[in-house]
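Engineer: To start, I am sharing the structure in question, which I have written as structure tokens.
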Amino acid sequence: MIISTIDESRPKAARVGGILITTSCVGALLCTGLVMAQTPSPGGGPRMKAIVYHDFGSPDVLRLEEIDKPVPADNQVLVRVRAASVNPLDWHYMEGTPYIARIEFGLFKPKETRLGVDYAGTVESVGKNVTQFKPGDDVFGGRTGAFAEYVVVREDRAVVLKPANLTFEQAASIPIAGLTALQALRDKGKVQPGQKVLINGASGGVGTFAVQIAKSFGAEVTGVCSTRNVNMVRSIGADHVIDYTKEDFTKSGQRYDLILDNVANHSLLANRGVLNPKGIYVLIGGGGVDNKGLGPLVRPIKALLLSKFVTQEMDPLLAEFNKKDLTILSDLMVARKVTPVIDRRYTLNELPEAIRYLEGGHARGKVVITLEPGKETSPVSFNRATASASTLGPDLVGLALIAIVIGVPIVPIVVALGLNRRFRRRNPGMRSYRWGYSFSILSLIGGITLGLTLESGVSALIACGVIYAVLAWFFAQRRHWAWITLTILSFNPVAWIINFIYLRKRWAEESAAPSVL
Ligand SMILES: NC(=O)c1ccc[n+]([C@@H]2O[C@H](COP(=O)([O-])OP(=O)(O)OC[C@H]3O[C@@H](n4cnc5c(N)ncnc54)[C@H](OP(=O)(O)O)[C@@H]3O)[C@@H](O)[C@H]2O)c1
């Protein structure tokens, strides 16, 4: 799962993160080891250091480069970044995964070469129309390219004053994880005081915020984490902690009003099994670095579909940046109801290490990058031989998508044409069902897809196959009810319309001349 990110130069619809990954040419110079990328300033203006990547791949693609220091426009503020934090979204961008997201990220090379979103820092200068901020203000927020010494941000976007009781590191750790936790609990989860809330992945970036925010809403919170994090999760306010190495929460017999799932390591049906009849399941994340194909997109679709068939709500979340929610989070920090949990600190040139650590999937709270002036002088290690990701992944996903899009409508039609010809050859003078065959095959595909989507297991798939076989047999006997049932089960509105017209016509013909079907 992914979060909308902040690229202020692009329309909102195009600002997709997330979830929602290239082969590059290898220069002789770049093969051999450590390179500090230094490009001359074209205009001789001020320069700054920033993390830049030109190829998708492992953290080795990251380079610390000197680029032009940005100049704020009339409605922008220039922020000297004092700390930034790392999120799974950053490695999704860096790797260009899930591959399907390359439609947005750039097919073979990143469209946006700057990395990072969460930052906290001090306003250095402001554009002439800026009224909310002045030089010297400490702020935090989200902006693409936050792994840099400076960012420019529009004053009306996701930037707010930093509470005085927070360090820059704490403030930088809030935006993505804090907003995700808040919006999952309040907007999707509609959390109420006294409700039982379970947070799967309670010890990570999102989880540590979710536990504390859920408590601030008056919920009774159960956190799920590994043994080494049990005490930490309890210390931030969880009423109950389940150690997933010893106990499976989906088999505990407990029921919850709300489940926030940061891990997605149990089936949707298993989660549903521990939800109250009117409970809500919010899918936040899951699918680690190894899940690069369509996987991260399939579960949200499954959740939405399953929601139509059960009494509980099952909803994926796509968190969004906005000033209002950042302010709410800030207020929670001022009231000391929520305190960011910081796991490790790295410097800007250690970002590849920080990302590698986060990719391991076992961060305890947030991983932050501190930017202390004068410390970012050593080069980022860069090894082109291992840097590039293969293009095979996106190619395969692309081919699979094309095969599905073309195959699902075409295959049934081709098979139907074959069956139609065979029928006419064997039954000269009788009229066949033509499109009926196609829709019947579609119904088989529809049934199997539904079965897989609802995670109904092998037995349900076998049942689906048997039902289909029986219907197909009666259909071959020219029973109209079987035809109608198969058409309905094709889940294809076009099939419903065509068959409605076609059936009426055929019935009229049959009543006029019953012997000619
Ligand atoms: N939908 C959105 O808009 C949105 C926004 C932000 C993030 N996300 C997604 O949400 C997920 C979590 O993000 P994050 O920033 O919290 O990641 P993170 O900081 O890397 O946290 C990962 C956590 O998962 C826990 N974990 C791993 N295996 C587990 C298991 N089997 N059972 C329970 N917990 C387990 C780890 O705890 P242990 O060390 O104890 O195992 C670790 O604390 C990611 O997939 C991210 O992409 C989505």
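Engineer: Anything in segment 183-212 that is surrounded by 24 or more Cβ atoms within 10 Å (Cβ to Cβ), small (Gly, Ala, Ser) and either over 18 Å from the mean Cα position of the chain (by Cα) or over 11 Å from ASP257 (Cα atoms) (or both)? List them, or say none.
Structural biologist: Residues satisfying the conditions are ALA184, GLY201, ALA202, SER203, GLY204, GLY205, GLY207, ALA210.
One line per residue, one yes/no per condition, for (1) more than 16 Å from the ligand (Cβ to nearest atom); (2) buried (at least 24 other Cβ atoms within 10 Å of the Cβ); (3) at pLDDT below 95:
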position	(1), (2), (3)
PRO11	yes, no, yes
ILE21	no, yes, yes
GLY43	yes, no, yes
VAL79	yes, yes, no
SER85	no, yes, no
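Engineer: Next question. In segment 180-198, what residues are near the ligand (Cβ under 9 Å from one of its atoms) and either within 18 Å of VAL274 (Cβ to Cβ) or among the basic types (Lys, Arg) (or both)?
Structural biologist: ALA184
Engineer: Condition test on LEU317, is it buried (at least 16 other Cβ atoms within 10 Å of the Cβ) and under 17 Å from PHE217 (Cα atoms)?
Structural biologist: Answer is no for this residue.
Engineer: Kindly state which strands (runs of 3 or more DSSP E) lie completely within segment 123-166 and contain at least 2 residues that are within 22 Å of LEU351 (Cβ to Cβ). Break it down stepwise before answering.
Structural biologist: Values: elements: 138-142, 150-154, 159-161.
Result: 138-142, 150-154.
Engineer: Search segment 183-212 for residues that are closer than 24 Å to GLY253 by Cβ and pair each with any residue that is within 12 Å of the ligand (Cβ to nearest atom) and of a type in the set (Asp, Glu) when their beta-carbon atoms are under 6 Å apart and the residues are at least 6 apart or on different chains.
Structural biologist: That search, which allows pairs on different chains as well, returns ASN200/ASP261.
Engineer: Please report, ordered by residue number, the helices (runs of 4 or more DSSP H) entirely within segment 226-332 with at least 1 residues that are within 18 Å of the chain's Cα centre (by Cα), within 19 Å of ALA210 (Cβ to Cβ) and not assigned by TED's automatic domain parsing to the domain that holds GLY57.
Structural biologist: Result: 295-307.
Engineer: Under 8 Å between Cβ atoms, which residue pairs at least 6 apart in sequence (or on different chains) link something in segment 310-322 that is under 14 Å from LYS278 (Cβ atoms) with a partner that is among the charged types (D, E, K, R) and surrounded by fewer than 17 Cβ atoms within 10 Å (Cβ to Cβ)?
Structural biologist: THR311/LYS278; GLN312/LYS278
Engineer: Could you list all residues from segment 199-218 that are on the phi > 0 side of the Ramachandran plot and within 13 Å of the ligand (Cβ to nearest atom)?
Structural biologist: Step one: list which residues in segment 199-218 are on the phi > 0 side of the Ramachandran plot, which gives 201, 218.
Selection gives GLY201 alone.
Engineer: Now for a separate question. Scan segment 334-362 residue by residue and report those that are crowded, with 23+ Cβ neighbours inside 10 Å and of a type in the set (Gly, Ala, Ser). Steps first, please.
Structural biologist: Going through segment 334-362, the residues crowded, with 23+ Cβ neighbours inside 10 Å turn out to be 338, 340-341, 348, 351, 354-355, 358.
If the condition is that a residue be crowded, with 23+ Cβ neighbours inside 10 Å and of a type in the set (Gly, Ala, Ser), then ALA354 is the only one that fits.
Here is a yes/no grid of residues against (1) within 16 Å of the ligand (Cβ to nearest atom); (2) among the hydroxyl-bearing types (Ser, Thr, Tyr); (3) modelled with pLDDT of 95 or more:
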{"position": "LYS278", "(1), (2), (3)": "no, no, yes"}
{"position": "ILE284", "(1), (2), (3)": "yes, no, yes"}
{"position": "ASP290", "(1), (2), (3)": "yes, no, no"}
{"position": "LYS323", "(1), (2), (3)": "no, no, yes"}
{"position": "LEU326", "(1), (2), (3)": "yes, no, yes"}
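Engineer: Would you please list the contacts, defined by Cβ atoms under 7 Å and residues six or more apart or on different chains, that run from a residue in segment 468-486 that is charged (D, E, K, R) to a residue that is surrounded by fewer than 17 Cβ atoms within 10 Å (Cβ to Cβ)?
Structural biologist: ARG478/LEU517
Engineer: Would you say VAL221 is outside the structural domain of PRO88 (by TED's automatic domain parsing), in contact with a Phe, Trp or Tyr (Cβ under 7 Å, 6 or more places away or on another chain) and more than 9 Å from the ligand (Cβ to nearest atom)?
Structural biologist: When the stated conditions are applied, VAL221 does not pass them.
Engineer: Okay, next question. Give segment 244-264 a look and list any residue that's within 12 Å of the ligand (Cβ to nearest atom) and among the acidic types (Asp, Glu), or say none.
Structural biologist: GLU247, ASP248, ASP261 - these are the residues of segment 244-264 that are within 12 Å of the ligand (Cβ to nearest atom) and among the acidic types (Asp, Glu).
Engineer: In addition: Please state which of the following conditions ASN349 fails to meet, knowing it meets all the rest: (1) more than 13 Å from the ligand (Cβ to nearest atom); (2) touching a Leu at 6+ places or on another chain (Cβ under 8 Å); (3) under 26 Å from TYR119 (Cβ atoms); (4) modelled with pLDDT of 95 or more.
Structural biologist: All conditions are met except number (4).
Engineer: If you don't mind, another one. LEU161: under 30 Å from ILE199 (Cα atoms) and either away from the ligand (no atom under 16 Å from the Cβ) or among the aromatic types (Phe, Trp, Tyr) (or both), yes or no?
Structural biologist: So LEU161 fits the description; yes.
Engineer: Which residue, of VAL160, VAL152, is surrounded by fewer than 24 Cβ atoms within 10 Å (Cβ to Cβ), at pLDDT 95 or above, hydrophobic (A, V, I, L, M, F, W, C) and in contact with a helix residue (DSSP H, G or I) (Cβ under 6 Å, 6 or more places away or on another chain)?
Structural biologist: Sole residue among the options that is surrounded by fewer than 24 Cβ atoms within 10 Å (Cβ to Cβ), at pLDDT 95 or above, hydrophobic (A, V, I, L, M, F, W, C) and in contact with a helix residue (DSSP H, G or I) (Cβ under 6 Å, 6 or more places away or on another chain): VAL160.
Engineer: Among the residues that make up segment 361-369, is at least one of them assigned to a strand (DSSP E or B) and not hydrophobic (A, V, I, L, M, F, W, C)?
Structural biologist: Yes, segment 361-369 has at least one match.
The values are calculated or read from the model by the stated rules, or taken from the named source; none is laboratory data. These numbers come from a predicted model, not from an experiment. We place every Cβ from the backbone using ideal geometry, glycine too, and count neighbours over all the protein chains shown.
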